[in-house]
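Trainee: Handing you this structure, nothing more for now.
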Amino acid sequence: MVEIVGTRGTAVPLPRMRGVWGALAGVAACGVVLFGGIAVAGVLAWAAAAQLAATWLVGLGVVGLGILLRRVAIRTRRLHLALERHERGSADAMVRDRVELLDRIATVAARVEDTRSVLDELRRDDLPELGADIVQRVEDRQDRRFASLTKHVSRQGRDDYEQQVAWRELREFVRAGPFMPALRGWAASPDVLRLVVRAIRERPRTLVVECGSGASSVWLGYALRRAGGGRLVALEHDERYADLTRRMVAEHELGDIVEIRHAPLREWVPEEPDAPNPSGQPWYDPRAVADLVDIDLLFVDGPPYFTAAEARYPAGPVLLPRCRDSAVVVLDDTSRADERAVSDRWLSANPGLVCEEVPVEKGAHVFTWGGR
């Protein structure tokens with residue numbers, strides 16, 4: 001027998017199935033022999049004995065199935081507990097790393113103070129005026145570096161904590177399987193994805209369109225299923241990456257909700273003569289969006305910034321007219337100047353559009369229609 005820890009810390013026996021099947025087979029054989037002997041002795045007719053033997057075998061089969069289901073349930077619970085321990089361990093490791101980093105900062109601060117004391121002593125030793133000026137410059141430079149380092153670490157610590165909280169909230173809402181694709185980095189961060197999922201949770205969304213694809217497509221697919229239905233269409237310019245995302249979607253059995261469309265970049269020409277790319281810029285093939293109407297939720301996280309100046313601007317003139325009056329539009333990465341410029345141009349071209357700036361890690365603007 002193998003033991004695992006149950007929900008309250010008690011040991012739960014996990015039987016070895018080879019021995020269980022052997023025991024059940026032995027009991028089944030004994031029952032058949034018993035009922036055969038009764039029929040031979042003339043106590044029961046052969047037909048009645050056969051029925052009793054069949055009932056006996058069915059009953060043993062049910063018992064075996066029950067044992068097997070219990071084994072599956074126990075193993076599933078063990079996997080769940082292991083994942084919870086892993087999550088707690090990851091969070092604890094982040095905290096330990098942060099504490100260690102803060103300790104190192106404190107050490108650096110102590111060294112800075114020691115250096116300052118030495119410089120003060122040098123001043124008191126009547127250094128020449130030029131030497132005193134150099135000492136002051138060194139001291140000011142150290143102060144600036146230390147202040148910058150402290151500010152960066154504090155901001156990074158807040159960002160890491162907020163991403164961990166957002167990730168846990170997403171997991172709790174979507175109730176997905178244990179092996180979800182990673183977020184952050186090139187993928188959308190948990191905090192901005194939480195904005196999109198919150199819009200899905202607040203009201204039913206029949207059609208969600210995502211500019212860009214990847215891990216976020218899987219998370220949003222789960223969110224739509226959890227909210228009661230809907231359809232996600234994700235546009236992807238890179239064919240190889242589109243295939244990878246399709247495989248992820250298939251592995252998570254979300255093919256009935258999520259559609260990944262390969263939409264190569266094609267030249268798109270703006271109507272404004274003073275646009276940053278007046279002669280045209282690459283954007284998704286318009287044929288990929290020709291059938292998209294009555295969009296409930298638009299998440300603009302592509303194309304990549306390096307494809308053109310203000311690369312995500314065409315999503316406004318192309319997709320905003322295809323949105324419902326009640327639609328929500330989320331523009332990611334507005335900490336970059338290009339995305340802020342895109343936001344300003346959208347607002348200028350759409351008088352009824354209202355923008356809310358949300359303080360997430362990479363920056364995000366959430367648009368709704370106030371006058372429609």
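The values are calculated or read from the model by the stated rules, or taken from the named source; none is laboratory data. These figures come from a predicted structure and were not determined experimentally. Here the Cβ is made from the backbone with ideal geometry for all residues, glycine too, and neighbour counts use every protein chain on show. In case anyone asks, the SASA skips ligands and DNA or RNA and just uses the protein heavy atoms, side chains included. Shrake-Rupley method; radii C 1.70, N 1.55, O 1.52, S 1.80 Å.
Trainee: Using beta carbons and a limit of 6 Å, which pairs, at least six apart or on different chains, have the first residue in the range 199-221 and farther than 18 Å from residue 175 by Cα and the second one open to solvent by 10 Å² or more (accessible area, probe 1.4 Å) and aliphatic (A, V, I, L, M)?
Mentor: If the second residue must be open to solvent by 10 Å² or more (accessible area, probe 1.4 Å) and aliphatic (A, V, I, L, M), the pairs left are 213/260; 214/187.
Trainee: Being of a type outside the set (Val, Ile, Thr) and in contact with a His (Cβ under 7 Å, 6 or more places away or on another chain) is the filter; apply it to the range 303-346 and report the residue that is farthest from residue 231 (Cα to Cα).
Mentor: 343
Trainee: In the range 166-180, what residues are surrounded by 14 or more Cβ atoms within 10 Å (Cβ to Cβ) and either assigned to a helix (DSSP H, G or I) or modelled with pLDDT of 70 or more (or both)?
Mentor: 166, 167, 169, 170, 171, 173, 174, 180 - these are the residues of the range 166-180 that are surrounded by 14 or more Cβ atoms within 10 Å (Cβ to Cβ) and either assigned to a helix (DSSP H, G or I) or modelled with pLDDT of 70 or more (or both).
Trainee: Would you please name the residue that is most open to solvent (accessible area, probe 1.4 Å), looking only at residues in the range 316-331 that are part of a helix (DSSP H, G or I) and in contact with a strand residue (DSSP E or B) (Cβ under 8 Å, 6 or more places away or on another chain)?
Mentor: Applying the filter and picking the extreme gives 322.
Trainee: Of (1) in contact with a Gly (Cβ under 7 Å, 6 or more places away or on another chain); (2) buried (at least 23 other Cβ atoms within 10 Å of the Cβ), residue 335 satisfies all except one. Which?
Mentor: Among (1) in contact with a Gly (Cβ under 7 Å, 6 or more places away or on another chain); (2) buried (at least 23 other Cβ atoms within 10 Å of the Cβ), the lone unmet condition for residue 335 is (2).
Trainee: Let me ask you something else. For residue 352, work out the one condition from (1) touching a residue at least 12 places away in the same chain (Cβ under 8 Å); (2) of a type outside the set (D, E, K, R); (3) within 17 Å of residue 235 (Cβ to Cβ) it doesn't fulfil.
Mentor: The number of the failed condition is (3).
Trainee: Going by what's in this entry, would residue 358 be described as of a type in the set (Val, Ile, Thr), touching a His at 6+ places or on another chain (Cβ under 8 Å) and surrounded by fewer than 22 Cβ atoms within 10 Å (Cβ to Cβ)?
Mentor: In short, yes.
Trainee: Now for a separate question. Report yes if residue 280 is within 22 Å of residue 202 (Cβ to Cβ) and over 27 Å from the mean Cα position of the chain (by Cα), otherwise no.
Mentor: No.
Trainee: Okay, moving on. Looking at (1) of a type outside the set (Phe, Trp, Tyr); (2) over 17 Å from the mean Cα position of the chain (by Cα); (3) assigned to a loop (DSSP other than H, G, I, E, B); (4) surrounded by 22 or more Cβ atoms within 10 Å (Cβ to Cβ), which is the one condition that is false for residue 213?
Mentor: All conditions are met except number (2).
Trainee: Taking residue 54 as the residue in question, decide whether it is assigned to a helix (DSSP H, G or I), at pLDDT 75 or above and open to solvent by 60 Å² or more (accessible area, probe 1.4 Å).
Mentor: In short, no.
Trainee: Being among the small types (Gly, Ala, Ser) and in a loop (DSSP other than H, G, I, E, B): is that true of residue 223 here?
Mentor: no
Trainee: Among the residues of the range 1-51, count how many are open to solvent by 50 Å² or more (accessible area, probe 1.4 Å), assigned to a loop (DSSP other than H, G, I, E, B) and at pLDDT below 75.
Mentor: Selection size over the range 1-51: 10.
Trainee: If residue 233 satisfies all but one of (1) crowded, with 24+ Cβ neighbours inside 10 Å; (2) among the hydrophobic types (A, V, I, L, M, F, W, C); (3) outside any helix (DSSP H, G or I), what's the number of the condition it fails?
Mentor: It is condition (1) that residue 233 fails.
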